[in-house]
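What follows is one structure encoded as structure tokens, with my remarks underneath.
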Amino acid sequence: MWYYYVLFLVGYPLMGALLGWFTNYLAVKMLFHPKDPKTFFNFSLGKLKSKGITVQGIFPKRQKQIAIQIGKVVADELLSIDDIKEKVVTEDSMDNIFKQVEIKMNNFLEGRMLEKFPFLSLLASKKLKNSIRDQMLVEVKVQLPDMMDKYISHFEENLDIQAMITEKFSELSSDRLEQVMNDILSKEFKFIEILGGVIGLIVGLIQGGIACLMI
């Protein structure tokens, strides 16, 4: 008689844990597999015909739709042109660009001007060169924000962030897609598998307890 109690209180929980873990493990795998559509139970027997059941992993099957949604979210909420403009057209960035322009201009007046315009360079005094540089830098400083704004506007007209993200995600191979998702969600996938085992174990214990009470 005692072996019934062992069977119910040990066998049921172990079987439940195994089935719970396996079903969740299978569910996680079916997110990515089969990578290509597979048809089962497709047969023709006289007048009896069956188109069968076509099975494909959720992510490979809906990769294009997922790519569209990811592209939309990134473009609308994560990386809009306005966000790019806000980060690029700042006081610090303007100052950095202005400093680079000033360095380039000094290099030109002190070096390349002699190579490009030797006669003019000989006639121009250092005071005149400095005056030219200062006037040009003033003009650059005034025009720079407007130039950057026009550049960003041109950038906006020619860059479709949503289309770019959608295209890149759609072009991922099934293997690469699975690798990316596993890199991001491997702990969560493992937790789902373990949770299935735990729930199965609990259900098995309940079933075993009920069975013992019915002996």
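Listing for the model above:
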quantity: Selection count, the range 178-205, where residues are touching a helix residue (DSSP H, G or I) at 6+ places or on another chain (Cβ under 6 Å) and more than 30 Å from V6 (Cβ to Cβ); calculated: 2
quantity: Condition met for I210 (assigned to a helix (DSSP H, G or I), surrounded by 12 or more Cβ atoms within 10 Å (Cβ to Cβ) and either in contact (Cβ under 8 Å) with a residue 40 or more places away in the chain or over 31 Å from the mean Cα position of the chain (by Cα) (or both)); calculated: no
quantity: Unmet requirement for F191, which otherwise passes all of (1) within 30 Å of L9 (Cβ to Cβ); (2) touching a Pro at 6+ places or on another chain (Cβ under 9 Å); (3) not small (G, A, S); calculated: (2)
quantity: Tally of residues being farther than 15 Å from A75 by Cβ, free of Cβ contacts under 8 Å to residues at least 60 places away in the same chain and either in contact with a strand residue (DSSP E or B) (Cβ under 8 Å, 6 or more places away or on another chain) or not in a loop (DSSP other than H, G, I, E, B) (or both) across the range 131-174; calculated: 21
quantity: Residue in the range 129-139 that is at pLDDT 75 or above, in contact with a Ser or Thr (Cβ under 9 Å, 6 or more places away or on another chain), surrounded by 14 or more Cβ atoms within 10 Å (Cβ to Cβ) and farther than 24 Å from K29 by Cα present; calculated: no
quantity: Hits in the range 171-199 - residues which are of a type in the set (G, A, S), crowded, with 16+ Cβ neighbours inside 10 Å and closer than 20 Å to H33 by Cβ; calculated: S174, G196
quantity: Pairs with Cβ under 7 Å, 6+ apart, first in the range 6-29 and more than 14 Å from K190 (Cβ to Cβ) and modelled with pLDDT under 90, second among the polar types (S, T, N, Q) and in a helix (DSSP H, G or I); calculated: Y12/Q207
quantity: In the range 67-96, residue modelled with the lowest pLDDT [restricted to those that are out of contact with any helix residue (DSSP H, G or I) (no Cβ under 7 Å at 6 or more places or on another chain) and under 30 Å from E178 (Cα atoms)]; calculated: S80
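The values are calculated or read from the model by the stated rules, or taken from the named source; none is laboratory data. All values reported here derive from a predicted model rather than from experimental measurement. No Cβ is skipped: glycine too gets one built from the backbone with ideal geometry, and neighbour counts run over all protein chains shown.
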